[in-house]
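The structure appears right after this line, and notes come after that.
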Amino acid sequence: MYLSDSLQDLKIKEAAGDQQGHGQFSGNSVHEVHCWVQDCLRVAGSSAEELDTVHSVKQLFESADSHLLFSECCANEGANIKKVYLEIVISLTHFAALPLCETESGDLPASSYVAVPGKSSAVCAVLLTLCRRLGPGSDVPCCHGPSSPLSPLARALAPPLFVFAVTHMQDQPWTSDSSRTAAALLLNAVVHGGGFASSSQLLCGNTVGDHTGILAAVLEILRPEVTKENWKRNQATKHVFAWTLTQVGRPWLAEFLDRVFPPSLLISDDYRTENKVLGVRCLHHIVLNVPAADLRQYNRAQVLYHALFNHLYVSEAELIEVVLPCLLDLLSVLEKPPGSAGMARNPNRYDEVLRLILTHMEMEHRLALRRVYARNVALFTDRMGIVTVRHLKRVERVILGYLEISDAPGEQARLSILDVLEKTIQQAWPRLECRLAVLVRALLKLLVDVSADRTSAPPAVREELLGKATHCLLLLDYCSQGKLKVLLKEVDSSCADGTVLECLKKVTDVS
C-alpha cells in the first residue's frame, strides 16, 4: 500500500463526510490511519523498504488533515484515541528497537547494532512530526488554548516518547551522531510541548505536589525491563534507567524509592565492573536525594552499606572511585557525626571502613588505585575529626609510604596524601609531637627529591608539592611549640640546595 493511494482514499472519505455531515468524520477515521501504519510496518521486507515505509508515515502525519488525525479528541472519545496513538507510537518504536541479548553477558557485538541508528533517526523524525502536530500550534479549531483537548493525548504519549528518545540520545554502540541529534530534538519537543523547561520538570512536575510529571508512567514502562531476569536482555535499559533516575532530585525521589532502589542495587551487584559502577552511581544519587529517615526505613541503608562495603574488596580503581564517596555519604545516614563534642565516641562503621581502606593502601602498588585511595582518605579524615587518632599508627605508615613513591607527572597521590597529613595534624595535633622526627624526615626527603628532579613533573606540580610540604612543616612546628624551627635553622647550603632552603626559611621566619 503506497502513501499516495492512502492519502487519496482518505481525501475521498473526507469529501463524502463534508457532503453528509458538514465536515464531521466517523469515529473510524483515526483507526484507519492506525491500521494503515500497522499494515505498512508489517508488509515491509528489506531494510530500504522499511525505511521508505517509515518516511511514508512521516509524510502522512505531515500532510493529513488535522480533522482526520485528531477529530476524536474533540468528540469526547479521548480514551479511544489515546489507545490508538499509543499503539502507533509503540509500533514505530519497536521498529527501531535494539536486538535482544539472550546470553548471560548482556553484550552483543557492535555489528548487531549497525541498522539501529538509521532506523531510530527515521522514527524520531516521524514522532517529532507527530509532537509538532499535537503542540500549541495545532490547526484543529477546537484544540486551541490552555485547555486544548489535545493536551491529554500529548501527556499520554510523553512517557513512551521520553523512553525512546533517552534510549537513542546517549553515546552508545547503537547510536550515531545523527541519531543522537534526532533523539535530542525529539526529547526537546516532548519537554517543551508539555510546557516544561527541562527533562527534570517533565518527570517531576513544576512544583511539589504537582501531578503533571510523567516519572511514574516512565518507571512503569521500565518496571518489567529492570527485573533480575530481563535487565540484561536489552543493553539500553540500564542506561535509560540511570539517566532518568539522575534527573530526579529532592523531594520528588523519595516517593519513588521503592521503584528505583531495587534496580539500582541489582545493577551494582553484577559481576561486570561497568555495571557495578553504573549501579553505585545510581545508589549514590539516591543517598544524596532521599531523606535519611526513608533510607533507614526497612533497613535499606544497612543493606546498602553491606553491598558497598563488599565492593571495597574489588581491586578496580574505576569502581573504588565511586564506592568511597557513596560510602562516606551513606555513613552520615547510619552514624552520628564521629567528631561531635559531648557524645560517646565509640568505634562504629566509620572506623570499620577506614581500617579496611588503610589496610588496602599499605599493600597497594598500582598507581591508579593509590591515587583514588589517597584522594578519598583525605575526605574520611576530615569527616571523622579527632577520632582519627584511633588509626594514627596506620595512617602514619600510609603517609610515609605514599610520600616516598612518586607518581609523576601529575603527582596526585603525593598531593592527596599531603592533604591527609595536613588534616591529621589539624585534628590530632596533641598526639603528633612524639612522631615529629619521622614525619619531618619524610617531608625533608620529599623536598630534596622534588627540588632535585626537575624533569618528571611540570613546574606547577612541583611548586604545589613544595608548598604543601612546607605548610605541613609549619603545622608540625606549631605542634612542637617551636622546637622544629630551632632544628631547621641548623640546615645550611652544605646540606641542601636553594629551593629546599627557601622552603625551610618560610618555616623558620614565622614568629
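Based on this model, can you work out whether Leu487 counts as closer than 18 Å to Val377 by Cβ and not acidic (Asp, Glu)? Here the answer is no, as Leu487 does not meet what is asked. Scanning segment 205-216 turns up at least one residue that is surrounded by fewer than 16 Cβ atoms within 10 Å (Cβ to Cβ), at negative phi, aliphatic (A, V, I, L, M) and not in a loop (DSSP other than H, G, I, E, B). Look at Pro409 and say whether it is open to solvent by 10 Å² or more (accessible area, probe 1.4 Å) and assigned to a loop (DSSP other than H, G, I, E, B). When the stated conditions are applied, Pro409 passes them. Which of the residues spanning segment 376-397 are more than 28 Å from the chain's Cα centre (by Cα) and under 23 Å from Leu330 (Cβ atoms)? Of everything in segment 376-397, those that are more than 28 Å from the chain's Cα centre (by Cα) and under 23 Å from Leu330 (Cβ atoms) turn out to be Gly385, Ile386, Val387, Thr388, Arg390, His391, Arg394, Val395.
Within segment 439-457, the only residue that satisfies the criterion of being outside any helix (DSSP H, G or I) and surrounded by 15 or more Cβ atoms within 10 Å (Cβ to Cβ) is Ala457.
Restricting segment 249-276 to residues that are surrounded by fewer than 20 Cβ atoms within 10 Å (Cβ to Cβ) and within 13 Å of the chain's Cα centre (by Cα), the residue that is modelled with the lowest pLDDT is Gly249.
Do the conditions hold for Leu283, that is, is it open to solvent by less than 10 Å² (accessible area, probe 1.4 Å) and more than 19 Å from Phe241 (Cα to Cα)? The answer is no for Leu283.
Does segment 156-168 contain any residue that is buried (at least 17 other Cβ atoms within 10 Å of the Cβ), more than 20 Å from the chain's Cα centre (by Cα), free of Cβ contacts under 8 Å to residues at least 60 places away in the same chain and outside any loop (DSSP other than H, G, I, E, B)? Yes, segment 156-168 contains a residue that is buried (at least 17 other Cβ atoms within 10 Å of the Cβ), more than 20 Å from the chain's Cα centre (by Cα), free of Cβ contacts under 8 Å to residues at least 60 places away in the same chain and outside any loop (DSSP other than H, G, I, E, B).
So Arg383 passes all but one of these: (1) closer than 30 Å to Val260 by Cβ; (2) basic (Lys, Arg); (3) in a loop (DSSP other than H, G, I, E, B). Which condition number does it fail? With (1) closer than 30 Å to Val260 by Cβ; (2) basic (Lys, Arg); (3) in a loop (DSSP other than H, G, I, E, B) applied to Arg383, the lone miss is (3). Among the residues of segment 172-204, those identified as touching a helix residue (DSSP H, G or I) at 6+ places or on another chain (Cβ under 8 Å) and open to solvent by 50 Å² or more (accessible area, probe 1.4 Å) are Pro173, Ser178, Leu185, Ala197, Gln201.
Would you check if there is a residue in segment 297-307 being open to solvent by less than 10 Å² (accessible area, probe 1.4 Å), touching a Lys or Arg at 6+ places or on another chain (Cβ under 8 Å) and in contact (Cβ under 8 Å) with a residue 12 or more places away in the chain? The answer is yes, given that some residue of segment 297-307 is open to solvent by less than 10 Å² (accessible area, probe 1.4 Å), touching a Lys or Arg at 6+ places or on another chain (Cβ under 8 Å) and in contact (Cβ under 8 Å) with a residue 12 or more places away in the chain. For the residues Ala496, Ala469, the requirement of being outside any helix (DSSP H, G or I), among the hydrophobic types (A, V, I, L, M, F, W, C) and buried (at least 17 other Cβ atoms within 10 Å of the Cβ) singles out Ala496.
In the set (1) closer than 30 Å to Val387 by Cβ; (2) more than 43 Å from the chain's Cα centre (by Cα), the condition left unmet by Asp509 is number (1). The sole residue among Pro347, Pro338 that is modelled with pLDDT under 95, surrounded by 16 or more Cβ atoms within 10 Å (Cβ to Cβ) and not charged (D, E, K, R) is Pro338.
The values are calculated or read from the model by the stated rules, or taken from the named source; none is laboratory data. Computed from a predicted model, the values in this text were never measured in an experiment. Every residue, glycine as well, gets a Cβ built from its backbone with ideal geometry; the counts of neighbours run over all protein chains shown. Ligands, DNA and RNA are excluded from the accessible area calculation, which covers all protein heavy atoms including side chains. Shrake-Rupley method; radii C 1.70, N 1.55, O 1.52, S 1.80 Å.
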